[in-house]
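Notes to accompany the following structure.
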Amino acid sequence: MRKLLFESLFRRPFTEQAPSADDAAATELAIAVGLAARRRLGRSLSIREIDAGSCNGCELEIHALNNAYYDVERFGLRFVASPRHADVLMVTGPVTKNMRDALERTYHATPNPKWVVAVGDCARDGGCFAGSYAVAGGVSQVVPVDLHIPGCPPPPINILQGLLALLDQTAKNVAPT
Amino acid sequence: MPSLIDLTRQGRQLQHHAPWPRSVVDAPVWNIAASGLAQGRWSLLGLWGEPATVHMAIIDEPAAEIAVVSLDCPDRHYPSIGRHHPPALRLERAIHDLFGLVAEGSPDPRPWLDHNRWGMRFPLADRIDSLSNGLPYRFLSAEGDGLHQIAVGPVHAGIIEPGHFRFTASGETVVRLEQRLGYTHKGIEGLMIGADLDRAVQLAGRVSGDSTVAYAFAFSRAVEAALEIVVPDRAVWLRALLAELERLAHHLGDVGAICNDASFTLMHALCNVLREDVLRASNTAFGHRLMRDVIVPGGVTHDLDNRGTQAIQAALDNIHRRFPALVELYDNTASLQDRTVDTGVLKPALAKQYAAGGYIGRASGRSFDARRTLAYPPYDRLSFDVPVLNEGDVNARVWIRVREVEQSLSLIDQILERLPEGPLRAKPGHLREPREGLAIVEGFRGDVLVWLRLRNGRIERCHLRDPSWFQWPLLEAAIEGNIVADFPLCNKSFNCSYSGHDL
């Protein structure tokens, strides 16, 4: 372990690898998110993720935001364990009827001001699951949504982009929900 | 006791069911099948319903023989399998919720997928628009001095899928865990009915996001079996490449995540860098990080070009270079081993009884791997080992994954070296008369089963069985006697799918 830790002292961090076009975009985006988040919320934006019946694809990509390449925590974007600690609810899935109650209760457990980001195509309107007896058909059917991030699933870079869009939008609105 | 083939001969064999036989049997033969399962002669692969029929897929593992037996139940009753063979219990509860068919003599008739929220009952049969039956779900009891309950979920603390866990604990020690699932039930089998193949394969690829390749693979193979489609060679090999990339990415992620749940974050960080490399290479090669919608009935939609090959090669080289040091780190960190060794032990007898697939079965002495046992192409032409351990603890499940990462690396090397040229897709034709197909594909988590009946180019009925159906109940057994704080560790080492199970 010492060897690995020692190496990491001298190795360039993964987050600053020689950028391909994609990596450059990530860095640029990361700086922009950092500035906007700071203006709005000081240094922190706490996100509570809720799976409201997704296939788990979106969760995998949201997870990836925490890996060393994207490392969202460096901008003060933090995933928290309780809605009580959250500024943003990040909701995935078409909202199954079996999850509807839990989503509503989580929303009400989140203190104001709060924003809801719906992630993924099925979170918009049910996507390919729309019309099923078992789904409500999109997050906005159940709680007010401030932003949709499309994709099936959206890659981590698009989720970061979406958070930036949210920060811009909320900076313009005086009174968020 | 007859052999599995003899059993199917005691019923009416269907002509258009491929590649294994399906036979409509009567109740006595159905019960013979149940006792064969109960005695451990055969294993249960799946149990599913139609409005007035129940089907059961059975495997004779040593002989690698598979058969489907079906029982017509016009009066909506059938003899319970779960009464003799507990792995069938949750499947029977699901059949009741979706079709209203009653498993006679079942010791557990509680609802499973139906949480009383759909506004109807029996949605896939003669649906009844109904109001709530008003009864709260009855959890199993545990009695004794000083026991307390801990209720967790459906919304969990991490970025994971929803489900409810009810722990009964004595101090720190878990006395009983009971799961309640079904929260992510989307009604996929309902949406499948009447869908054309394009839509159906898209739905199949969204049953469980982490197994999108495995599901599309299994679905496509079932269609191809039903319609007797011959898939071009290049597509066959590309499918295995996709499947191994998927396995590689998730195994790497799991090894890191398990260590993370033992608060060893260094492994988590370094494993996830390798995982991200695989996802990016997959994106370069096939246009999607999870390789969604690439496998379709008849072949694949996306070819592999030089750029893709190089990206995969680069990711592989990186893993070859870095992964051994991580394995050594895992092996030599006593504080980590202290958490994983002897924790969450799953006994081999239970793994066998439940026909537990994937790393869960293989860490508890069950050597089944669909790639080897059923040897579907191109795995019949590839060389690989199926690692098996007998300890059944968290540590064993980590090691199986580590060994499988090594095997997948070797498989990908072989595929890239021998990838044949040629067309990518055979166009599926339409047949008027009903055709049925069954397929089993080894996903990273275990064997995914898809059974379907096609008529006139559309799905008449499609059943998708996630490996988690037979793994979730075992987690309840493995956690018993462990401390509550080790539950995340045990749970992650199982890494069962919620969405794949809930459908």
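Inclusion of B:TRP48 among residues that are among the aromatic types (Phe, Trp, Tyr), part of a strand (DSSP E or B), surrounded by 19 or more Cβ atoms within 10 Å (Cβ to Cβ) and under 20 Å from the mean Cα position of the chain (by Cα) is warranted.
Suppose the filter is more than 16 Å from B:SER493 (Cα to Cα) and free of Cβ contacts under 8 Å to residues at least 24 places away in the same chain; does B:SER367 pass it?
On the way: more than 16 Å from B:SER493 (Cα to Cα): yes; free of Cβ contacts under 8 Å to residues at least 24 places away in the same chain: yes.
Yes: the conditions hold for B:SER367.
Report yes if B:GLY153 is closer than 26 Å to B:LYS492 by Cα and within 14 Å of chain A (Cβ to nearest Cβ), otherwise no. Lay out the reasoning, then the answer.
Working: closer than 26 Å to B:LYS492 by Cα: yes; within 14 Å of chain A (Cβ to nearest Cβ): yes.
Taking the combined requirement at face value, the residue satisfies it.
Just one of B:ARG461, B:ARG401, B:ARG453, B:ARG435 is out of contact with any strand residue (DSSP E or B) (no Cβ under 8 Å at 6 or more places or on another chain) and charged (D, E, K, R); which is it? Exactly one of B:ARG461, B:ARG401, B:ARG453, B:ARG435 is out of contact with any strand residue (DSSP E or B) (no Cβ under 8 Å at 6 or more places or on another chain) and charged (D, E, K, R), namely B:ARG401.
Can you tell me which residue is surrounded by the fewest Cβ atoms within 10 Å (Cβ to Cβ) among those in the stretch A:110-124 that are within 14 Å of chain B (Cβ to nearest Cβ) and closer than 25 Å to B:LEU197 by Cα? Full working, then the answer.
Narrowing the stretch A:110-124 to residues within 14 Å of chain B (Cβ to nearest Cβ): A:110, A:117, A:119-123.
Narrowing the set further to residues that are closer than 25 Å to B:LEU197 by Cα leaves A:120-123.
Numbers: A:GLY120: 28, A:ASP121: 23, A:CYS122: 30, A:ALA123: 29.
It comes out as A:ASP121.
Contact map, the stretch B:1-24: first residue within 13 Å of B:MET56 (Cα to Cα), second residue assigned to a helix (DSSP H, G or I), Cβ cut-off under 6 Å, separation 6 or more or different chains; pairs are B:PRO21/B:THR8; B:SER23/B:THR8. Considering only residues in the stretch A:83-107 that are of a type in the set (Gly, Ala, Ser) and closer than 16 Å to B:GLY163 by Cα, the one that is nearest to the other protein chains (Cβ to nearest Cβ) turns out to be A:ALA102.
When residues in the stretch B:1-29 are screened for being surrounded by fewer than 20 Cβ atoms within 10 Å (Cβ to Cβ) and in a helix (DSSP H, G or I), 6 of them pass. For A:ASN67, are the conditions met, namely being at the interface with another protein chain (Cβ under 7 Å from one of its Cβ atoms), over 26 Å from B:GLU276 (Cβ atoms) and at pLDDT 90 or above? It is false that A:ASN67 is at the interface with another protein chain (Cβ under 7 Å from one of its Cβ atoms), over 26 Å from B:GLU276 (Cβ atoms) and at pLDDT 90 or above.
Just wondering, is there one or more residues in the stretch B:85-102 that are touching a Ser or Thr at 6+ places or on another chain (Cβ under 9 Å), surrounded by fewer than 17 Cβ atoms within 10 Å (Cβ to Cβ) and of a type in the set (Gly, Ala, Ser)? There is no residue in the stretch B:85-102 that is touching a Ser or Thr at 6+ places or on another chain (Cβ under 9 Å), surrounded by fewer than 17 Cβ atoms within 10 Å (Cβ to Cβ) and of a type in the set (Gly, Ala, Ser).
When B:ALA315, B:ALA285 are checked against the criterion of being touching a His at 6+ places or on another chain (Cβ under 9 Å), farther than 30 Å from B:ILE66 by Cβ and buried (at least 18 other Cβ atoms within 10 Å of the Cβ), B:ALA285 stands alone in meeting it. Restricting attention to the stretch B:74-131, the residues being aromatic (Phe, Trp, Tyr), under 24 Å from the mean Cα position of the chain (by Cα) and either within 30 Å of B:ALA349 (Cβ to Cβ) or more than 14 Å from chain A (Cβ to nearest Cβ) (or both) number 1.
Restricting B:GLY182, B:GLY194 to those that are assigned to a loop (DSSP other than H, G, I, E, B), over 26 Å from B:ASP380 (Cβ atoms) and either more than 17 Å from the chain's Cα centre (by Cα) or more than 14 Å from chain A (Cβ to nearest Cβ) (or both) reduces the list to B:GLY194.
Considering only residues in the stretch A:38-64 that are modelled with pLDDT under 85 and surrounded by fewer than 22 Cβ atoms within 10 Å (Cβ to Cβ), the one that is nearest to the other protein chains (Cβ to nearest Cβ) turns out to be A:SER44. Give the residue that is farthest from the other protein chains (Cβ to nearest Cβ), with candidates limited to residues of the stretch B:156-179 that are surrounded by 17 or more Cβ atoms within 10 Å (Cβ to Cβ) and of a type in the set (A, V, I, L, M). Ranking the qualifying residues of the stretch B:156-179, first place goes to B:VAL175. Restricting the search to strands (runs of 3 or more DSSP E) fully inside the stretch B:411-503 and requiring at least 3 residues that are surrounded by fewer than 23 Cβ atoms within 10 Å (Cβ to Cβ) gives B:458-465. Counting only residues that are in a helix (DSSP H, G or I) and facing chain A (nearest Cβ under 9 Å), the stretch B:278-317 holds 3 of them.
Just to be sure before I move on: is B:ALA349 crowded, with 18+ Cβ neighbours inside 10 Å, closer than 25 Å to B:VAL441 by Cα, within 24 Å of the chain's Cα centre (by Cα) and not aromatic (Phe, Trp, Tyr) in the structure I sent? I'd like the intermediate steps shown before the answer.
Numbers: crowded, with 18+ Cβ neighbours inside 10 Å: no; closer than 25 Å to B:VAL441 by Cα: yes; within 24 Å of the chain's Cα centre (by Cα): yes; not aromatic (Phe, Trp, Tyr): yes.
The answer is no for B:ALA349.
The values are calculated or read from the model by the stated rules, or taken from the named source; none is laboratory data. Everything numeric here is computed off the predicted structure, so don't read it as measured data. Counting neighbours? That spans all protein chains shown, and the Cβs are built from the backbone with ideal geometry, glycine included.
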